[in-house]
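Peer 1: Below you will find the structure I want to go over with you.
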Amino acid sequence: MTAADTDAKADLHHYLQSARDALLWKLDGLSEYDARRPLTPTGTNLLGLLKHTASVELGYLGDTFGRPSGEPLPWLDDDAEPNADMWVTAAESREDIVGLYRRAWAHADATIDALPLDTVGRVPWWPDDRDEVTLHHAVVRVIADTHRHAGHADILREIIDGVVGMNEGNTSIPSHDPAWWEDYRERLERAAKEADGKA
């Protein structure tokens, strides 16, 4: 493996791991109910996002490259109900899902470490004539998917208890003063109404 390949893998891993860590952090300190409850009309919930992203990693960075994890994922079976990977049943514990996600990380990371980025795999659920993908493409796809869901988790957690930020040490917000945010939100509301002609 060249130094360029090593650097590229390190960059990809950095961005993938930052999204993984953000998803896990969004669960810290929440009750079982808050970790699972649906907060959008389509049922989006924090623990379900973790279950889904674990499944995505095991598929794209495991099965696609002939490296099945052996993890049972009954929510992905042909006879599973739609969206079964996007929520957690009462029988599935938070520890089960967090453990699955951490094992998915390890399995995906082992695939990334073991194979060159130009390795070609076949995505089992894609059409046969368009199922080839390089490891580089698969990793980028998983990074994009994980960051998308980390963004969902940001919003869900803010709705639950106001906790915001990229990670525990970096809120990335300009103020922690509730009065500042109330004024800011009111200004945005006024601007939206003005633009819509309803001011």
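Peer 1: Given the protein chains as shown and a 1.4 Å probe, how many square angstrom of Tyr15 are accessible, to the nearest 10?
Peer 2: Counting only protein heavy atoms, the figure is 130 Å².
Peer 1: Remind me, relative contact order of the chain in percent, using alpha carbon pairs under 8 angstrom and six or more residues apart? All intermediate terms of the calculation are to be shown ahead of the outcome.
Peer 2: Values: 196 pairs, mean separation 51.7, N = 199.
Computed value for the chain: 26 percent relative contact order.
Peer 1: Gaussian network model of the chain, Cα springs within a sub-10 Å range: biggest mean-square fluctuation belongs to which of Thr42, Thr53, Thr119?
Peer 2: For the chain, modelled as a Gaussian network with Cα springs under 10 Å, the answer is Thr42.
Peer 1: Hey, got the Cα dimensions of the chain along the principal axes, in Å, largest first?
Peer 2: That gives 57, 44, 35 Å along the principal axes, largest extent first.
Peer 1: As a test of the formula, what do you get for the chain when each DSSP H run with n ≥ 4 contributes -39,500 (n - 2.57) and the sum is divided by the residue count, at 222 nm and rounded to the nearest 500 deg cm²/dmol?
Peer 2: Numbers: 6 runs with 109 residues, N = 199.
Mean residue ellipticity, 222 nm, calculated: -18500 deg cm²/dmol.
Peer 1: Quick one, could you list the DSSP H helices from the chain stretching 20 Å or more along their long axis (Cα atoms) with average Kyte-Doolittle hydropathy of -1.0 or above?
Peer 2: 3-25, 46-60, 94-114, 135-161
The values are calculated or read from the model by the stated rules, or taken from the named source; none is laboratory data. Worth saying up front: this structure is predicted, and the values here are computed from it rather than measured. To get the accessible areas, we keep the full protein, side chains included, count just its heavy atoms, and leave off ligands, DNA and RNA. Shrake-Rupley method; radii C 1.70, N 1.55, O 1.52, S 1.80 Å.
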